[in-house]
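Asker: One structure, as structure tokens, below. Some questions next.
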Amino acid sequence: MKKGLNKVTAALLAAGFAFSLQAADITIAYDSDPTSMDPHEQLSGQTLEMSHLLFDPLVRWTKEFDFEPRLAEKWERIDEETMRFHLRQGVKFHSGNELTADDVIWTFDRLKESPDFKAIFEPFVKAVKVDDHTVDLVTSGPFPLVLNTVTYLFPMDSKFYSGTTEEGKEKGEVVKHGSSFASTNVSGTGPFKLKFRQQGVKVEYERNADYWDTQSPGNVDNITLVPIKEDATRVAALLAGDVDFIKPVSPNDHDRVKAAANVKLVTEPGTRIITFQLNQDRFEPFRDVRVRQAVNYAINQDGIVQRIMRGFATTAGQQPPAGYFGHNPELVPLFDLDKAKQLMEEAGYKDGFKISMIAPNNRYVNDFRIAEAVKAMLARINIDVDLKTMPVAQYWPEFDKCDADMLMIGWHSDTEDTANFSEFLTMTRNSETGRGQYNCGHYSNPKLDGLIEAANLETDLPKREAMLQQAERILYDDAAFVPLHWQNLAWGARNNLEAEPIVNAMDFPYLGDLVVKE
């Protein structure tokens, strides 16, 4: 071990780690761990990566954004509203129960009730059992994103999750930020089983010996995940050989990883937008479009990308990145300090005001540094920001309460489609449908809502793209939120890990397929 890394080693040993050079056992250090083992509790990157370890979707994205059969081995369209999925036979849950159509339907119904996932599945009206291994998914009308959506349908073991606990609670209930049976107990079909979990300390996964996908090249027997919040400490652990794979690698540390022996930097272009929301429900001045525009004009996105992200990101003026269906090339970032001051004066706030701001400090690349930079930029138009940053495990409960005037949130489209950004971030909040679930700006525009709903039923692709581009123009003119940049992705890995094939722009590596070379 290199001199000066005793602090790193001590922290990992305190978490119960015994360092091993065995090729089939790896230790991973991420900036945070999953908040729950329930795949439907929190719509987040940590949850989705965990889901691909412990569960399996009906369909999976490939690295090239094609669709790959998983628990559904094939599918066909029956009519405009119905897609039929044929399940693999002989697939076993970790409990030993066999996967059937009943499990898919049970999971579908649960997703329709989940506060975080119901908006994704809102276009679907029902799941119908054809036979034990065939399910029809029925939409309310023509829907062009059926396959995109079922990449988020990870069948759960309905027998395992049914019934009540000793305390009399339903095993299948979804509890946000609370203790539930599903948040701590797992029976999936995935390549790994849950061996041990201590929130905020470590998660241990062991290979599922009965995994259905015998064609997977993955040869990892045991994975230990340890959360290390600090960027430099995470990199130090990799360079010392104490961990084998890390995420993310801060742009500040790229050269350090590239120059080191026995490790490599693995990168992917990213599509996750980093934004700030302006809470109109909590802070009245943000209801004035001139104030929201002033905030946008005051923030130098290019400066953030160049100085804080070291160029490892792309400045954003809208939600979808270039290449997404609905991206509008006319919508470029705004930065004009004089214009910002003029708008503040026109709105009657020449002397400014004081606001609260919250941001995580271990969820997005350089998140707290970005928040500090935005705070400094807003000070130039006399907006005094009371900034509070916190670990993501504490951040999400605060965000869900919309408990600040400005709030940071990043979003990767769940369906790899432009409409998904608005469905969660900018459509009018609606607890029944799940629309606007993460819209803590409380922005509401019926015209935008109507465009997104109509686009989701439009199968004429040029018409649909025009609708989505119009929606982005409305958000841009309304200064509905503050777009910052699309962050790129970087992992660090030991040279004997074949990480390149299993990482992807979705930011949930398929660790079940990871190969460790001798």
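Asker: Return the residue satisfying two criteria in turn: it lies in region 129-162 and is farther than 17 Å from residue 55 by Cβ and part of a loop (DSSP other than H, G, I, E, B), and of such residues it is modelled with the lowest pLDDT.
Answerer: Looking only at region 129-162, we keep the residues that are farther than 17 Å from residue 55 by Cβ, and these are 129-134, 136-148.
Now drop any that are not part of a loop (DSSP other than H, G, I, E, B), which leaves 132-133, 140-145.
Details: 132: 98, 133: 98, 140: 93, 141: 91, 142: 90, 143: 90, 144: 87, 145: 91.
Selected residue: 144.
Asker: Give all pairs with beta carbons closer than 6 Å in which a residue from region 310-329 that is closer than 20 Å to residue 299 by Cα meets a residue that is β-branched (Val, Ile, Thr); count only pairs at least 6 apart in sequence or on separate chains.
Answerer: The qualifying pairs are 313/305; 315/305; 316/273; 317/332; 319/273; 320/418; 321/271.
Asker: Within region 39-125, which strands (runs of 3 or more DSSP E) (wholly inside it) include 3 or more residues that are open to solvent by 40 Å² or more (accessible area, probe 1.4 Å) and of a type in the set (Asp, Glu)? If you could, list the steps in order and put the result at the bottom.
Answerer: Working: elements: 59-61, 67-69, 72-79, 82-87.
Per the criteria, 72-79.
Asker: Would you pick out the residues in region 405-429 that are modelled with pLDDT of 95 or more and assigned to a loop (DSSP other than H, G, I, E, B)?
Answerer: Of everything in region 405-429, those that are modelled with pLDDT of 95 or more and assigned to a loop (DSSP other than H, G, I, E, B) turn out to be 405, 426, 427, 428, 429.
Asker: Further, regarding this structure: For residues that are open to solvent by less than 10 Å² (accessible area, probe 1.4 Å) and outside any helix (DSSP H, G or I), scanning just region 292-312, find the one that is nearest to residue 383 (Cα to Cα).
Answerer: That would be 299.
Asker: Quick one: count up the residues across region 171-183 that are within 15 Å of residue 107 (Cα to Cα) and either surrounded by fewer than 20 Cβ atoms within 10 Å (Cβ to Cβ) or in contact with a strand residue (DSSP E or B) (Cβ under 7 Å, 6 or more places away or on another chain) (or both).
Answerer: So the answer is 2.
Asker: Could you please let me know if residue 354 is in contact with a strand residue (DSSP E or B) (Cβ under 8 Å, 6 or more places away or on another chain), open to solvent by 40 Å² or more (accessible area, probe 1.4 Å) and more than 25 Å from residue 31 (Cα to Cα)? Working first, answer last.
Answerer: On the way: in contact with a strand residue (DSSP E or B) (Cβ under 8 Å, 6 or more places away or on another chain): yes; open to solvent by 40 Å² or more (accessible area, probe 1.4 Å): yes; more than 25 Å from residue 31 (Cα to Cα): yes.
The answer is yes for residue 354.
Asker: So residue 428 ticks every box in (1) in contact with an Asp or Glu (Cβ under 7 Å, 6 or more places away or on another chain); (2) open to solvent by less than 10 Å² (accessible area, probe 1.4 Å) but one. Which box is left unticked?
Answerer: Failing condition for residue 428: (2).
Asker: Here's a check for you: in region 509-518, which residue that is assigned to a loop (DSSP other than H, G, I, E, B) and open to solvent by 10 Å² or more (accessible area, probe 1.4 Å) is farthest from residue 25 (Cα to Cα)?
Answerer: First, pick out the residues of region 509-518 that are assigned to a loop (DSSP other than H, G, I, E, B): 509-510, 514-515, 517-518.
Okay, now just the ones that are also open to solvent by 10 Å² or more (accessible area, probe 1.4 Å), so 510, 515, 517-518.
Details: 510: 16, 515: 11, 517: 11, 518: 12 Å.
Ranking the qualifying residues of region 509-518, first place goes to 510.
Asker: Then there's this: Test of understanding: among 330, 346, which residue is under 20 Å from residue 474 (Cβ atoms) and surrounded by fewer than 16 Cβ atoms within 10 Å (Cβ to Cβ)?
Answerer: On the way: 346 fails: under 20 Å from residue 474 (Cβ atoms).
Being under 20 Å from residue 474 (Cβ atoms) and surrounded by fewer than 16 Cβ atoms within 10 Å (Cβ to Cβ) holds for just one of 330, 346, which is 330.
Asker: While we're on this one: Would you mind finding the one in 498, 453 that is more than 21 Å from residue 420 (Cα to Cα), open to solvent by 10 Å² or more (accessible area, probe 1.4 Å) and of a type in the set (D, E, K, R)? Spell out the reasoning first.
Answerer: Details: 453 fails: more than 21 Å from residue 420 (Cα to Cα).
498 is the lone residue from the list that is more than 21 Å from residue 420 (Cα to Cα), open to solvent by 10 Å² or more (accessible area, probe 1.4 Å) and of a type in the set (D, E, K, R).
Asker: Let me ask you something else. Scan region 464-471 and tell me whether some residue there is open to solvent by 10 Å² or more (accessible area, probe 1.4 Å), in contact with a Leu (Cβ under 8 Å, 6 or more places away or on another chain) and under 24 Å from residue 145 (Cα atoms). Outline the logic, then answer.
Answerer: Let us first name the residues in region 464-471 that are open to solvent by 10 Å² or more (accessible area, probe 1.4 Å), namely 465-467, 469-470.
Cutting the leftovers down to in contact with a Leu (Cβ under 8 Å, 6 or more places away or on another chain) gives us 467, 470.
Next, from what is left, pick out any that are under 24 Å from residue 145 (Cα atoms): 467, 470.
Checking region 464-471: at least one residue is open to solvent by 10 Å² or more (accessible area, probe 1.4 Å), in contact with a Leu (Cβ under 8 Å, 6 or more places away or on another chain) and under 24 Å from residue 145 (Cα atoms).
The values are calculated or read from the model by the stated rules, or taken from the named source; none is laboratory data. Predicted, not measured: the structure shown is a model, and the values here were computed from it. Cβ: placed from backbone, ideal geometry, glycine included. Neighbour counts: every protein chain shown. Note: areas computed on protein heavy atoms with side chains; ligands, DNA, RNA excluded. Shrake-Rupley method; radii C 1.70, N 1.55, O 1.52, S 1.80 Å.
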